[in-house]
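Report on the structure given below.
The values are calculated or read from the model by the stated rules, or taken from the named source; none is laboratory data. This one's a predicted model, so the numbers in the text were calculated from it and none came from an experiment. Ideal geometry is used to build each Cβ from the backbone, glycine not excepted, and the neighbour counts take in all protein chains shown. In case anyone asks, the SASA skips ligands and DNA or RNA and just uses the protein heavy atoms, side chains included. Shrake-Rupley method; radii C 1.70, N 1.55, O 1.52, S 1.80 Å.
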Number of protein chains: 2
Amino acid sequence: MTIGDVADRTGLPAKTIRYYEDIGLIRPARDPNGYRSFAETDVHKLAFLGRARALGFSVEDCRTLLALYEDETRNSADVKRVAEQHLARIEDKIAQLQSMRDTLTHLVRDCAGDSRPDCPILTDLAKG
Amino acid sequence: MTIGDVADRTGLPAKTIRYYEDIGLIRPARDPNGYRSFAETDVHKLAFLGRARALGFSVEDCRTLLALYEDETRNSADVKRVAEQHLARIEDKIAQLQSMRDTLTHLVRDCAGDSRPDCPILTDLAKG
DNA sequence: GATAGGGGTTCCAGTGACTGGAAGGTCAAG
DNA sequence: CTTGACCTTCCAGTCACTGGAACCCCTATC
């Protein structure tokens with residue numbers, strides 16, 4: 001299977017797949033002409049990576065998760081820890097964004113949005 | 001005023017202040033010895049930038065907002081548009097993160113987190 | 001006068017996770 | 001034989017800093 005087929009099957013851009021090989025997440029074989037030759041296991045791993053990335057895991061977390069996935073002697077506790085830490089980071093981020101949203105919502109609501117220069121958004125930024 | 005004083009007063013790292021000069025957000029004067037010499041207007045601008053950044057505006061948005069702030073003939077509509085677009089991006093991001101959080105919360109809840117290898121998190125990632 | 005310290009200066013490289021683009025090799029179809 | 005769609009590598013750019021090296025400036029102390 002060539003990289004284009006794999007890109008179609010996994011939904012990952014070919015560039016991303018090459019990048020994942022570059023940083024050692026996958027090691028596809030090569031055909032005599034130099035083209036990457038993907039096996040089902042490669043496609044499977046890439047799909048795994050795609051889903052982990054879609055859940056927001058960092059590439060390094062993905063590396064860890066993939067290693068755990070392939071380690072039949074893993075402890076689920078190790079997986080859970082990675083996921084919990086990630087979840088905590090996400091919750092922090094959500095809280096941060098919600099606070100921004102709340103402030104912005106008020107500012108936007110109070111701004112006339114017309115041709116006059118007076119603007120509570122700028123006033124707020126200028127004097128905190 | 002030297003960069004260290006300004007860093008203390010604005011809470012921005014000196015590195016960041018130099019960076020903002022680099023990309024043309026501020027233009028502090030220079031003392032004969034080559035040190036940056038900040039006026040109150042510079043400090044004010046930096047505080048403005050700090051608050052805009054804290055609300056999540058991109059540096060380019062900050063440049064726009066600062067220009068609008070300094071333009072006495074501005075239309076508040078222009079400010080409002082920038083803020084609304086930013087708000088929309090934030091809301092998208094929140095929705096995305098909440099969806100991740102929901103999925104992760106379920107997965108984490110269902111994972112035993114013990115010394116056995118079985119793990120619904122990995123199962124989910126492996127077969128989406 | 002030498003030195004130590006705590007400023008300041010520039011410039012270069014790295015971060016994360018790709019993404020775009022150039023320059024060139026390979027292959028099947030017409 | 002050429003066209004076009006693939007594939008290859010490598011380099012640069014993204015965003016908003018951040019760390020570090022190598023060096024200059026100023027004050028205080030011995």
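Ordered from highest to lowest accessible area with the whole protein assembly present and a 1.4 Å probe, B:Lys80, A:Lys93 read as A:Lys93, B:Lys80.
Site pair B:Asp31 and A:Arg53 shows an inter-label distance of 5.0 nm when each label is modelled 7 Å from Cα along Cα→Cβ. Based on a Kirkwood Rh over C-alpha pairs, give the Stokes-Einstein translational diffusion coefficient of chain B at 10 °C and viscosity 1.306 mPa s in µm²/s. Rounded to a whole number, D works out at 87 µm²/s. Closest approach of any chain B Cβ to the axis that rotates B onto A belongs to B:Ile94, 3, distance given in whole Å. Computed over segment B:75-128, the Cα gyration tensor eigenvalues convert (square root of 5λ each) into semi-axes of 41, 9, 6 Å, ordered from largest to smallest.
Return the value, in Å² to the nearest 100, of accessible area buried between chains A and B (probe 1.4 Å, both sides summed). Don't skip to the answer; put the middle values down first.
Working: alone 9150 and 9150 Å², together 13990 Å².
For chain A against chain B, roughly 4300 Å² becomes buried.
What is the extension gain from A:Ser115 to A:Tyr19, computed as 0.36 nm multiplied by their sequence separation minus the C-alpha to C-alpha distance, in nm to one decimal?
Numbers: separation 96, 0.36 × 96 = 34.56 nm, distance 4.87 nm.
In short, 29.7 nm is gained.
Mind checking A:47-54 for the average number of partner chain beta-carbons within 10 Å of each residue's beta-carbon? Don't jump to the answer; show the numbers that get you there.
Numbers: counts 4, 6, 1, 2, 6, 5, 0, 6.
Other-chain Cβ atoms within 10 Å of each residue's Cβ, averaged: 4.
Neighbours of A:Glu60 by Cβ distance under 13 Å: Lys/Arg scored +1, Asp/Glu scored -1, total +2. Placing a label point 7 Å from the Cα of B:Ala77 along the Cα-to-Cβ direction, the residues of segment A:108-127 with a backbone N closer than 19 Å are A:108-122.
Across all directions of projection, what mean area in square nanometres is found for the Cα convex hull of the protein assembly as shown? Please list the in-between numbers first.
Numbers: hull surface 79.2 nm².
Mean shadow area of the hull around the Cα atoms is 19.8 nm².
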